[in-house]
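**Student:** Once you've had a glance at the structure underneath, I'll fire off some questions.
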Amino acid sequence: MAFDGIVIANIIKELSTHLTGGRINKIAQPENDALLFTIKGNMGQERLFISASASLPFIYLTSSNKTSPMVAPNFCMLLRKHLNSAKIISISQPGLERIIQIEIEHLNELGDLCTKYLMFELMGKHSNIIFCDQNYKIIDSIKHISGFVSSVREVLPGRDYFIPKTQNKFNPLTISKEDFINDVLTRSLPLNKSIYMTLTGFSPLMANELCYRASLDADMPTEALSSMEQLHLYNNFRRFIEDIQSSNFTPNIIYKNQEPIEFSSVSLNCYNDLDAKEFDSISEVLEEYYAQKEKITRIRQKSSDLRRIIFNALERARKKYDLQMKQLKDTEKREKYKIYGELLQTYGYDAKEGDKSLTCINYYTNEEITIPLDEMLSPMENSKKYFDRYGKLKRTFEALTTQTEDTKEEITHLESISSSLDIALEEEDLIQLKEELIEYGYMKRKGITNKKNKKTKITSRPFHYISSDGYHMYVGKNNFQNDELTFKFANGGDWWFHAKGMAGSHVIVKTNGDQLPDRTFEEAGRLAGYYSKGNAQEKVEIDYTEKKNVKKPNGGKPGFVVYYTNYSLIIKPDITGIQQVND
């Protein structure tokens, strides 16, 4: 994600087209660090949404309204006092800085025409919205920054507004060829880092893109560049800047496995192996990108309690399993004690009173063996003591064998729920996971819930994809859906896929009685790998078989199956290019 000076330049072009000459009709502050302006412009009514959030700062045009508090915050009231019906004169960007300046004219209480400036600084944790008078003196800001917080610049009413020059950077729009080669390309840094640390408005993403266009390794040291490579990089840089100056923008979002990972105002050739979606406007890009990111962030926040419960349960189960395995290892001595007891019954007459050991032939191996003795006991009493130890360890072994299997099954079950939590996209997806945790005693149900009503609240559905050959593929989001897909939805001749030896979703491919093409097998395998705990691995092994070969063990937990006839394939867990259907 790069909200850099180049994206800002694209926004400036769009806002200038839509808002210049328009009048501010409404001002709202839906969040502590966000404003929503309603503006009557040349193209009708527009809404401008600005956020100075430290984690996700943005500005874009939107058609959506935002819910605002009943009582407007002080900063919002101040802007309403000065800017209601004010006219937008110009929208500009200083150099290629991540700053938007909106010049506004309005009439004061005496009817005199006044000029004001709204400065939107979109600089990560330093983002702010600052309101200034005609002399760039700060009237107020959405965030107050005192000298205790920043030694570089105070942002307080009455202070002069200025852009802090904390780094010696060049303006990419005006830098000369000599400065580019003799300064940008002579620092003792990797090439991409030298570019974004020397040029204003350039993000690491844009630096990597520029290196890619020049066919240069972004991580190579600048000292390794030849004079020809320096010149070639500069020529690519000039073409890059000329596109920006001529407003030749291509707003787009880059997707990896259908999740947005980057947005930009220029084509990102460095991501040519991923899916790119182009848009007509940068506002559409930002609105969709941030909406999807917010959706992911929100579902992670909503699922935090469930994650904590699963994490704690897994920690307890793993510690219990480790202890059980240690105790199980201690029972390995049981056969030795059994042999000691048997040999003492056979050779015990050779032992003398007070002996601390007995050496004899082990008739199981025909080797000599020395048996420790308690000199206070007779040989037969020693034999009985060893048989008692054997019996105790045998009972312990039998009990622990069952217990470790149960604990291992519990760990696998919890890991499967954790995997389902990782792929949850909607609040509805969490309901079935919560029900599973309640059913198996990891959570308590709050209040009294009618079972019939409970079922009607479950609206989550499996993921639905279509293969390149037109076959429908379904992916369970959780263990309940896995059971539903495998044992109620699929027919015997449909194909079933699952990541081998790890938690993951069941994938069902509906065959309609056809022989599936190899490409559909490969795409279904990619889905099974992606929706598993192995999705971060380079390669994942996938088991697949006809559904009729998959059985549910008696008493098995949701999502647990057994199969004895299957094929395997090795795939890369990447679902880029597989068409998803929104049912």
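**Student:** Sort the range 461-581 into rounded, prolate or oblate with this rule: let a ≥ b ≥ c be the square roots of the eigenvalues of the Cα gyration tensor; rounded if a/c is under 1.5, and if a/c is not under 1.5, prolate when a/b is larger than b/c, oblate otherwise.
**Tutor:** Working: a/c = 1.42, a/b = 1.16, b/c = 1.22.
It comes out rounded by the Cα gyration axes.
**Student:** Taking the Cα centre of the chain as the origin and placing charges on Cβ (Lys, Arg +1; Asp, Glu -1), which of 292, 173, 96 is farthest toward the positive end of the dipole?
**Tutor:** Selected residue: 292.
**Student:** Compute the length gained on full extension between residue 74 and residue 461: take 0.36 nm times their separation in residues and subtract their Cα-Cα distance, giving the result in nm to one decimal.
**Tutor:** Between residue 74 and residue 461, full extension yields an extra 134.8 nm.
**Student:** Residue 518 versus residue 554, label points 7 Å from Cα toward the beta carbon: distance in nm?
**Tutor:** In this crude spin-label approximation the distance works out to 4.4 nm.
**Student:** Based only on other Cβ atoms within 10 Å, what is the fewest-to-most ordering of 196, 255, 530?
**Tutor:** Fewest-to-most ranking of 196, 255, 530: 255, 196, 530.
**Student:** Here is a follow-up. How far is the Cα center of the range 67-114 from the Cα center of the range 122-169, in Å?
**Tutor:** Using only Cα atoms to place each centre, the spacing works out to 16 Å.
**Student:** Let me ask something else. Sum up the charges of everything whose Cβ sits under 12 Å from the Cβ of residue 470, counting Lys and Arg as +1 and Asp and Glu as -1, but leave residue 470 out. Walk me through the numbers on the way to the answer.
**Tutor:** Working: positive: 510, 519; negative: 469, 514, 523.
Local charge sum for residue 470: -1.
**Student:** By its C-alpha gyration tensor, with a ≥ b ≥ c as the square roots of the eigenvalues, how is the range 308-419 shaped: rounded for a/c under 1.5, else prolate for a/b larger than b/c, else oblate?
**Tutor:** On the way: a/c = 4.41, a/b = 3.45, b/c = 1.28.
The shape class here is prolate.
**Student:** Let me ask something else. Compute the long axis of helix 5-19 from its Cα atoms, compare it with the longest principal axis of the Cα atoms of the chain, and write down the angle in degrees, 0 to 90, nearest 10.
**Tutor:** 50
**Student:** Using R₀ = 25 Å, calculate the FRET efficiency as 1/(1 + (r/R₀)^6) where r is the Cβ-Cβ separation of residue 85 and residue 32; round to 0.05.
**Tutor:** 0.45
**Student:** Can you tell me, using C-alpha contacts under 8 Å and at least 6 residues apart, the relative contact order of the chain as a whole percent? Kindly include the intermediate steps, with their values, before the conclusion.
**Tutor:** Details: 1010 pairs, mean separation 47.8, N = 583.
It comes to 8 percent, rounded to a whole number.
**Student:** Considering only Cα-Cα distances, which of the following residue pairs are longer than 22 Å: 336/394; 408/547; 488/539; 13/193; 26/66; 125/293?
**Tutor:** 408/547; 488/539; 13/193
**Student:** Here's a follow-up. So what's the angle, to the nearest 10 degrees on a 0 to 90 scale, between helix 427-439 and the longest Cα principal axis of the chain?
**Tutor:** The angle comes out at about 20 degrees.
**Student:** Taking DSSP loops as anything outside H, G, I, E and B, show the longest stretch in the chain free of GluC sites (Glu not before Pro) there with at most 14 other beta carbons within 10 Å.
**Tutor:** Longest stretch, sites excluded: 110-352.
**Student:** What area, in nm² and to one decimal, does the C-alpha convex hull of the range 177-299 cast on average over all directions?
**Tutor:** 8.4
**Student:** Would you mind computing the Rg to Rh ratio of the range 5-141 from its alpha-carbon coordinates, Kirkwood style for Rh? Provide the component values of the computation, followed by the final result.
**Tutor:** Numbers: Rg = 13.9 Å, Rh = 15.0 Å.
That ratio is 0.93, to two decimals.
**Student:** Under the 0.36 nm per residue contour assumption, what length would be gained going from the current alpha-carbon distance of residue 296 and residue 468 to full extension?
**Tutor:** 59.2 nm
**Student:** Return the equivalent ellipsoid semi-axes of the range 242-354 as a descending list in whole Å, where each equals the square root of 5 times an eigenvalue of the C-alpha gyration tensor.
**Tutor:** 72, 18, 8
**Student:** Does anyone have the angle between helix 334-347 and the longest principal axis of the chain? Alpha-carbon axes, 0 to 90°, nearest 10?
**Tutor:** 10
**Student:** Given an 8 Å cut-off on Cα distances and at least 6 residues of separation, report the relative contact order of the range 5-141 as a percent.
**Tutor:** Numbers: 294 pairs, mean separation 29.3, N = 137.
Averaging sequence separation for qualifying contacts and normalising by length gives 21 percent for the range 5-141.
**Student:** Express in nm, to one decimal, how much length is gained between residue 231 and residue 316 on full extension, taking 0.36 nm for each residue of separation and deducting their alpha carbon distance.
**Tutor:** 24.5 nm
Laboratory data are not the source of any read-out in this text; all were calculated from the coordinates shown. The shown structure was predicted, so the numbers you read here are calculated from the model rather than taken from an experiment. Positions of Cβ are generated from backbone atoms using ideal geometry, with glycine treated the same way; all protein chains shown enter the neighbour counts.
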